[in-house]
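Here's the structure, in structure tokens; my notes come after.
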Amino acid sequence: MNIRKAEKQEAGVISELLYSMLGQIARDHTASSADDEALRVLQTYVESDCSRYSYKNITVAELNEEIAGVMICYEGEQIEAFDKPMVSYVREKTGNSKWLPDRETEAGDFYLDSIVVGESYQGKGIGSMLLQSAFQEAESRKLPLTLNVEFDNEGARALYEKMDFYVTGTRYISGKPFYYMKRNA
């Protein structure tokens with residue numbers, strides 16, 4: 001198993017994994033109701049140098065020369081700059097000049113935006129290895145690690161609480177309530 005930074009040319013595989021987990025959030029962030037279009041736009045975000053979904057913010061788990069898992073992390077204070085291209089795209093496509101993505105994180109946090117392991121690779125400790133990478137990165141930056149967990153995903157909430165995360169509030173993302181959780185550095 002190799003945990004490493006993503007490469008731009010891996011955007012297609014990365015986008016498919018992310019889309020399988022993000023669902024409605026990806027459709028909202030791409031202003032697309034069709035899966036193929038949402039996936040295509042998501043891939044352009046991954047290929048971008050400045051996006052919350054940029055390959056530069058992505059760590060991958062590689063097993064047998066295949067991407068088995070993907071994790072996106074970045075500092076919360078960068079979210080507005082990262083979101084500018086997405087905001088411009090969605091506003092232009094929808095004609096809604098006031099559209100903004102839901103606020104998922106805050107300045108002063110190292111935010112774990114997304115983590116997903118391919119279905120055929122689940123149960124092999126890949127998610128735990130990616131999380132360990134996030135813990136180390138947050139500690140090196142001397143920032144708390146934060147993430148959001150859907151209200152109806154009590155199993156994930158319990159798992160994160162065992163890893164010293166605690167609930168600090170509630171966020172609404174794409175109309176769904178999430179626990180905002182923090183783990184101190």
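With just the Cα atoms defining each centre, how far is the range 35-87 from the range 94-116? Give it in Å. First find each Cα centre; the distance between them is then 13 Å. Here is the result for the range 13-52: no GluC sites (Glu not before Pro) lie in DSSP coil with at most 15 other C-beta atoms within 10 angstrom of their C-beta. Based on DSSP H segments of at least four residues, each scored -39500 (n - 2.57), the chain has a per-residue ellipticity at 222 nm of -12500 deg cm²/dmol. When peptides 107-115, 5-13 are ranked by their average number of other Cβ atoms within 10 Å per residue, the highest-first order is 107-115, 5-13.
Normalised by 2.2 N^0.38 Å, with N the number of residues, the alpha-carbon radius of gyration of the chain equals 0.98.
Can you list the lysines whose alpha carbon is less than 27 Å from that of Lys162, not counting same-chain residues fewer than 8 positions off? Reachable lysines: Lys5, Lys124, Lys142, Lys176, Lys182.
Accessible area per residue for the chain, computed on protein heavy atoms with a 1.4 Å probe, is 50 Å². Relative contact order for the chain: 19 percent, from Cα pairs under 8 Å spaced at least 6 residues apart, divided by residue count. Ligands, DNA and RNA left out, the accessible area of the range 1-130 computed with a 1.4 Å probe is 46% carbon and sulfur.
Largest first, the residues Tyr180, Tyr166 sort by 1.4 Å accessible area into Tyr166, Tyr180. For the range 56-164, GluC sites (Glu not before Pro) are listed when DSSP marks them as loop and at most 10 other Cβ atoms sit within 10 Å of their Cβ; the list is Glu65.
The values are calculated or read from the model by the stated rules, or taken from the named source; none is laboratory data. Model, not experiment: these values are computed from the prediction. With ideal geometry, Cβ positions are generated from the backbone for all residues, glycine too; neighbour counts draw on all protein chains shown. Calculation scope for accessible area: heavy atoms of the full protein, side chains included, ligands and nucleic acids excluded. Shrake-Rupley method; radii C 1.70, N 1.55, O 1.52, S 1.80 Å.
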